[in-house]
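Read through the structure below, which is laid out as structure tokens, and then see the notes.
The values are calculated or read from the model by the stated rules, or taken from the named source; none is laboratory data. These numbers were taken from a predicted model, which means no experiment stands behind them. Here the Cβ positions follow ideal geometry from the backbone for every residue, glycine too, while neighbour counts run over all protein chains shown.
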Amino acid sequence: MLTTALLGLALAVGGRAAHAEGFQVKTMRDPLPSREYERGLVIGKGWAEWGFGADVKLADGYWDADGNAVDFDNARFLYTTERLHVRYGISRRAEVHATVPFHYEKLTNDATGADLSQFALGDPVFGWKVEAFRSMAPVTSLIVYTWYKAPAGQESPGNYIGGPNTFTSFVNTTGTPDLAIGVAGKRQLGPLALTVDLGYVRRFSGTVMWAVETTYNQFNGRVKPGDVTSGDADLMLQLGPVALHGGARLQLRQVTKVGTTSDGWFPGRNLKPLEGSDGWSLDVPVGAIVNITRGVDVDLAVNVPVRGEDLMFFPIEDLHPTRGFTYSGTLELRY
């Protein structure tokens, strides 16, 4: 009897171990469709995705206080973002993600002889998505999300001794943290898929090195960037392994406040609104996603600006972007 029991236990252990041998597909992963239009808005349990991408914009102008497009006279401004993003499905209905950007910027001006360039770390973003509802065939995916932007980019414009002409560095961050919340939904309609995203970004105040008090020529003023409410809509058409998509992105920006830090629990009480720093912008992003395999995608896109806001914080693109087409490319690897 004892021999029989031990033999049965050995077979049971050996049988379980046999399923774990070799380089097999992870059985704990959720299914992931091969085509983009059939995928939900969370990546699925057990899946990890690495994205290597770049965004390139050669700004040819800006927007004035009335929202009109104005061309640069002699200046050319190249603004690029090189980024690494990671997504991981920690459960069937939730994923975590992070993005680490770098920026290369170059400003030239034939009239003044300016020729400045810089490569520096940007502001990393960390986020969380939870899928509140999902159905398959056709896919319906409804999520709520949040993300946090940590200020880590180049914040100082350089040495102010000698006046503003001695600035030698690009500022590529607001120097303040952001916290976003939002809801997004995706619905498949035959070969089409419609995605809608509504979000709100709370932008906190902070002391920053790029805000200069001009009376005494001191750095480290306090800035409260305007909160942003956004709405995105994207329509996708799947044609074999290629998913074509296009839509619109609307952003409503509140007024930015500047000033000195106050005592107590609310250090931003002394901040004054900066007239003309609020407004709205409209962009039209279009692109194509090539589904090479289930684990490899190539995402190509271009963002066309239609309307923007007054260029008050050049060259901080996170506040008031310059005007120009942005071309993007991303290689996504999944396992």
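Descriptive notes on the structure:
- Residue satisfying all of: in segment 72-110; farther than 26 Å from residue 29 by Cα and charged (D, E, K, R); nearest to the chain's Cα centre (by Cα) among these: 83
- Looking only at residues in segment 314-335 that are small (Gly, Ala, Ser) and closer than 30 Å to residue 35 by Cα, the one that is surrounded by the fewest Cβ atoms within 10 Å (Cβ to Cβ) is 329.
- Flag for residue 310 being more than 30 Å from residue 44 (Cα to Cα) and touching a Phe, Trp or Tyr at 6+ places or on another chain (Cβ under 9 Å): yes
- Total residues in segment 274-301, condition buried (at least 17 other Cβ atoms within 10 Å of the Cβ) and either free of Cβ contacts under 8 Å to residues at least 40 places away in the same chain or in a loop (DSSP other than H, G, I, E, B) (or both): 4
- Residue within segment 153-170 that is modelled with pLDDT of 95 or more, touching a strand residue (DSSP E or B) at 6+ places or on another chain (Cβ under 6 Å) and surrounded by 14 or more Cβ atoms within 10 Å (Cβ to Cβ) present: no
- Restricting segment 231-265 to residues that are within 22 Å of residue 200 (Cα to Cα) and aliphatic (A, V, I, L, M), the residue that is modelled with the lowest pLDDT is 258.
- Exactly one residue out of 212, 196, 208, 228 is within 25 Å of the chain's Cα centre (by Cα) and at pLDDT below 95: that is 208.
- Selection over segment 71-123 of residues that are free of Cβ contacts under 8 Å to residues at least 12 places away in the same chain and touching a strand residue (DSSP E or B) at 6+ places or on another chain (Cβ under 9 Å) gives a count of 2.
- Filtered by the rule that a residue be crowded, with 17+ Cβ neighbours inside 10 Å, assigned to a loop (DSSP other than H, G, I, E, B) and within 26 Å of the chain's Cα centre (by Cα), segment 255-273 gives a lone residue, 256.
- Among the residues of segment 274-302, those identified as more than 17 Å from the chain's Cα centre (by Cα), of a type in the set (A, V, I, L, M) and under 30 Å from residue 334 (Cα atoms) are 288, 289, 290, 292, 296, 298.
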